[in-house]
Amino acid sequence: MAGHDLANDPVKGPVKDPATQRAASESRDEPALAVGRRAFDKSQSAPRSGSIGMVLLVALLLVAAAAGLIYIGPDYAETYILALLAVLGTIGVFALFAMASGIMRMASKDQGNPLLKAVVDNAFDGIVVTDQAGRVFYANATYLDLIGAGDDSDVRPIERVFIGDPDVSESIYRLLKAAREQRRSMEEVRIANATGEPARWLRMRVRPLGTGRHDSKMTVWSIADVTRERERQENVFQELQHAIDYLDHAPAGFFSVDGKGDIVYLNATLAEWLDHDLAQVGAGSLKLSDIVAGEGAALLTTLNAAPGDVKTEVLDLDLRTRSGKPVPVRLFHKVAFGADGAPGVSRTLVLNRARDDGTDPQRAAEVRFMRFFQNTPMAIATVDKVGGIARSNARFASAFEGLLSGGRSILSVVAERDRPALEAAIAKAASGQGDIAPVEAALDGKDERWASFFVSAVEEEDRDGEAAIVYALETTAQRTLENRFYQQQKMESVGQLAGGIAHDFNNVLSAIMMATDFLLNAHKPTDPSFQDIIQIKQNANRAAALVRQLLAFSRKQTLRPQVLDLGETLSDLGMLLKRLIGEKVTLDVVHGRDLWPVKVDISQFEQVIVNLAVNARDAMPDGGRLTVRTANVTAADCAKFGHKGLPTADYVLVEVSDTGGGIPQDIIEKIFEPFFSTKEVGKGTGLGLSTVYGIVKQTGGFVYADSEPGRTSFRIFLPRHIPGVEDQPVPAAATVALEGAAAAAANLAKSAASDLTGHGVILLVEDEEGLRALNARGLKSRGYTVLEAGNGVEALEVLAEHGHVDLVVSDVVMPEMDGPTLLKELRARDPSVKIIFVSGYAEEAFAKNLPSQEQYAFLAKPFTLKQLVAIVKETLAVTAQ
């Protein structure tokens, strides 16, 4: 900072430079006092409050009063004395009041402490006391020397000393502002000498004199010459700059990294090797992982030591240039650990091993081995007899980061239950045994992780205590895939079993339901057995519902998907859900905005929501809250849910949550299995959630359960439907083929009230003899001529014998020749023949074996007599049109 020339003061002209008066004190950084210099103290020149003349006058008055008694007669003497005493008493009382009020004061024996005054007068720092108007009340000798004051009339406040210098005046202005605000402040200013002598530095401080009313209005200024101190600081700074310059351009690299992995220092040599611009390397802008190739950074960040220790590791690994090129180096990595065991900032020396002139083949071999060792995808470590890690590669440090204990034992990586097996394998290797079986072990930690450990012996124990080599390969992904595949296989196997059982049951139930229809037609409601027949039919219907749930789980039921807006569907379902869950449970339906369309079977989707709502109700016997929420989930948001097996795509999410007790984590993986239930015996079939699983899977979606105490959520992800060609209206002729069963169900009520009799020749093909007889009897009772066949081959023979038939009603799964094969043979003989397939399996199970434009109707087993005759008449009616 440019300063003011004290040797040429603008007010008093040239004055003697005080530096010439301090030659004896150059070894100290303090100014010397001028010989005979006295401090300026305006308070010492103030007039005394007492006067000897007043004392003599009072004495004369008292003598005169006493002498007056001589001239006063005895008669008046008493009165005179009383009057004189009264006057003196009055004067004394007024004097006491004046002293109490501060009008009069007793003169102190000393006006101040002479020791303290001498200290301030002769202080090394210049001290001056001013009032708010800038008047100087006190200045010690050092201050007078600093400003070059010739006499008391030359004493000036600081702001007048440095007037005219803009740089110094700026600092003085800030100090004056602090003085007015009665607070402390400090500034350092550089004072330049016009005579060519070196500039000086002054440190100025300001503070109020005291806290009292009078003292707070006075300001104490102190000025110290800190030129030598600043020179020492500049020298230290220059030495530091030289040291940094030496370190920056040393023939070895150097960097420092903190505990967070941020590079806090990088010398110029290393920056040049790695092609980094030092000007762009700021605090936190460069990470350790930016300069260390592969997983080598983990070797530097996973060091462990006792609190207060200093640890140095020698590591061979690759650094990475800004363009990604590897640079083989040897690191001398030194880290000091704090009292809490946390690593401090490192000091790391880097030796470049890439500069090889070909004269050292051993170094080239070491570099090749280092790259092989550090870049292998298998974690490798050498251990002593008790499992203590002597050294490890980068993959080991990265894979097991956070699992190694302070003692760096490989046993701490493994879960406690598997440690004995790994410990035994290391002991075998330490004793020189070979062919040690791999150890499959769970890793320690919160997450479920697995690894295979391969242990081999070293030839002989070396000086570092290495007794065995451990190779570790993490198998978490493999085990997860195996478990998922096993679960999928199990579900598929159970589904196939359930589908097969359902098919057989459907045949039995079809016969029972058809027989009950005949019995109901033959008995009047007043007959004693009529109610028993009704009971049989109701139980048959309940059994049919259970079979449908089995088919739903096995994904072999017939779906009639259509494009839906789930928001509208859930709104329509709201009243039914409220009746199902009861008054104790509060229902909240939260609709997402602008939901994408989905393509689902509306009745099956409603069944899914109903099943989940009933489960939630049962989980909240004392009441609670059931929330149904919908939202769009983009492909980018899929990963946020963390669900395994959920492909990245666009979905519409339906989330059903309740506030029940939750599902225990040990059984949550089993809840979608058929017949698995946590309810009491007789209070559930165990097919509710398996039905949900099957319907969602058959629709192409995914369902996941997430539970904790007080909250259970089922998330259903349905694929977003993009309208295409398949959404265009189908021709009228194809409607019968693709929507036969749905049309029959929709017209069931109308058909019940209409005439279901008809005429025509029907070929009935069914391998179950009892069921075939009942179906034939029913059709004959409605006026149809029925030809019967036990399989496809017999059907062709009957057709060849009889000739033309109006309609074929055929089972799908039959011996010798199944239904789809029969249809192909019939088309070859008569392209216009009409057919109705009946099956206990889903339509999709056999539709893939037929041409895409094939026309047929479908009726799912079990069915009633009314459903059979209704679809027969409807199909014949469409044929007639």
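The values are calculated or read from the model by the stated rules, or taken from the named source; none is laboratory data. A quick note: this is a predicted structure, and the numbers were derived from the prediction, not measured. Counting neighbours? That spans all protein chains shown, and the Cβs are built from the backbone with ideal geometry, glycine included. The accessibility values were calculated without ligands, DNA or RNA, using every heavy atom of the protein model including side chains. Shrake-Rupley method; radii C 1.70, N 1.55, O 1.52, S 1.80 Å.
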Q.
With the condition being over 21 Å from Lys861 (Cβ atoms) and either modelled with pLDDT under 85 or in contact with a strand residue (DSSP E or B) (Cβ under 6 Å, 6 or more places away or on another chain) (or both), I'd like the strands (runs of 3 or more DSSP E) fully within the range 741-825 carrying at least 1 qualifying residues.
A. 761-765, 785-789
Q.
Looking for something surrounded by 15 or more Cβ atoms within 10 Å (Cβ to Cβ), more than 26 Å from the chain's Cα centre (by Cα) and acidic (Asp, Glu) - is there at least one such residue anywhere in the range 317-334?
A. yes
Q. Which is open to solvent by less than 40 Å² (accessible area, probe 1.4 Å), of a type in the set (Phe, Trp, Tyr), closer than 25 Å to Ile426 by Cβ and modelled with pLDDT of 80 or more, of Phe373, Phe396?
A. Phe396
Q | Qualifying residue in the range 559-566 (condition: at pLDDT below 80 and of a type outside the set (A, V, I, L, M, F, W, C)) | A | yes
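Looking at the structure I just gave you, is Tyr265 in a strand (DSSP E or B) and within 30 Å of Leu303 (Cα to Cα)?
Here the answer is yes, as Tyr265 does meet what is asked.
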Q: Please enumerate the residues belonging to the range 295-313 that are touching an Asp or Glu at 6+ places or on another chain (Cβ under 7 Å) and assigned to a loop (DSSP other than H, G, I, E, B).
A: Gly296, Thr302, Leu303, Pro307
Q.
Take the residues in the range 416-445 that are closer than 21 Å to Leu481 by Cβ and surrounded by fewer than 16 Cβ atoms within 10 Å (Cβ to Cβ); name whichever of them is modelled with the lowest pLDDT.
A. Gly445
Q: Go through (1) exposed (fewer than 12 other Cβ atoms within 10 Å of the Cβ); (2) aliphatic (A, V, I, L, M); (3) in a strand (DSSP E or B) and name the single condition Leu115 misses.
A: (3)
Q: Would you mind stating whether Ala297 is more than 27 Å from Arg391 (Cα to Cα) and either in contact with a strand residue (DSSP E or B) (Cβ under 6 Å, 6 or more places away or on another chain) or of a type in the set (Gly, Ala, Ser) (or both)?
A: no
Q. Being at pLDDT below 80, more than 30 Å from Thr691 (Cβ to Cβ), open to solvent by 60 Å² or more (accessible area, probe 1.4 Å) and out of contact with any strand residue (DSSP E or B) (no Cβ under 6 Å at 6 or more places or on another chain), is that true of even one residue in the range 481-500?
A. no
Q. Filtering the range 796-816 down to residues that are hydrophobic (A, V, I, L, M, F, W, C) and open to solvent by less than 30 Å² (accessible area, probe 1.4 Å), which residue is farthest from Val761 (Cα to Cα)?
A. Met814
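Filter the range 200-240 down to the residues that are surrounded by 14 or more Cβ atoms within 10 Å (Cβ to Cβ) and not in a strand (DSSP E or B), then identify the one that is modelled with the lowest pLDDT.
Filtering the range 200-240 for residues that are surrounded by 14 or more Cβ atoms within 10 Å (Cβ to Cβ) and not in a strand (DSSP E or B), the one modelled with the lowest pLDDT comes out as Lys217.
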Q. Can you spot a residue in the range 314-328 that is in a strand (DSSP E or B), under 19 Å from Arg371 (Cα atoms) and out of contact with any helix residue (DSSP H, G or I) (no Cβ under 7 Å at 6 or more places or on another chain)?
A. yes
Q.
Looking at Val168, Val189, can you tell me which residue is part of a strand (DSSP E or B) and open to solvent by less than 30 Å² (accessible area, probe 1.4 Å)?
A. Val189
Q.
If Phe717 meets every condition in (1) within 25 Å of Thr659 (Cα to Cα); (2) modelled with pLDDT of 75 or more; (3) open to solvent by 30 Å² or more (accessible area, probe 1.4 Å) apart from one, which number is that one?
A. (3)
Q | Some residue of the range 578-600 being surrounded by 14 or more Cβ atoms within 10 Å (Cβ to Cβ) and either among the acidic types (Asp, Glu) or on the phi > 0 side of the Ramachandran plot (or both) | A | no
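Count, please, the residues in the range 691-706 that happen to be open to solvent by 10 Å² or more (accessible area, probe 1.4 Å) and over 14 Å from Leu566 (Cβ atoms).
So the answer is 9.
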Q: State which residue pairs qualify: first residue under 12 Å from Ile581 (Cα atoms) and inside the range 606-634, second residue among the basic types (Lys, Arg) and outside any helix (DSSP H, G or I) in any location, beta carbons under 6 Å apart, and separation of 6 or more residues or different chains.
A: Gly623/Lys584
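Identify all residues within the range 627-658 that are of a type in the set (Ser, Thr, Tyr), in contact with a helix residue (DSSP H, G or I) (Cβ under 7 Å, 6 or more places away or on another chain) and either open to solvent by 60 Å² or more (accessible area, probe 1.4 Å) or over 21 Å from Trp596 (Cα atoms) (or both); write none if there are none.
Thr648
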**Q.** Given (1) within 37 Å of the chain's Cα centre (by Cα); (2) without any contact (Cβ under 8 Å) to a residue 40 or more places away in the chain; (3) closer than 18 Å to Val329 by Cβ, number of the condition Ala250 does not satisfy
**A.** (1)
(Q) Anything in the range 605-626 that is open to solvent by less than 30 Å² (accessible area, probe 1.4 Å) and out of contact with any helix residue (DSSP H, G or I) (no Cβ under 9 Å at 6 or more places or on another chain)? List them, or say none. (A) Gly623
Q | Tabulated pairs, the range 201-225, first more than 23 Å from Val168 (Cβ to Cβ), second in a helix (DSSP H, G or I), C-beta under 9 angstrom, 6+ apart or interchain | A | Leu209/Asp215; Leu209/Ser216; Leu209/Lys217; Gly210/Ser216
(Q) Restricting to the range 720-739, count the residues that are open to solvent by 30 Å² or more (accessible area, probe 1.4 Å) and either modelled with pLDDT of 80 or more or of a type in the set (D, E, K, R) (or both). (A) 5
Q.
Condition first: touching a helix residue (DSSP H, G or I) at 6+ places or on another chain (Cβ under 6 Å), farther than 15 Å from Gly134 by Cβ and surrounded by 14 or more Cβ atoms within 10 Å (Cβ to Cβ). Can you find one or more residues in the range 153-161 that meet it?
A. no
Q) Just one of the numbered conditions (1) open to solvent by 20 Å² or more (accessible area, probe 1.4 Å); (2) within 17 Å of Leu876 (Cβ to Cβ) is not true of Pro831; which one? A) (2)
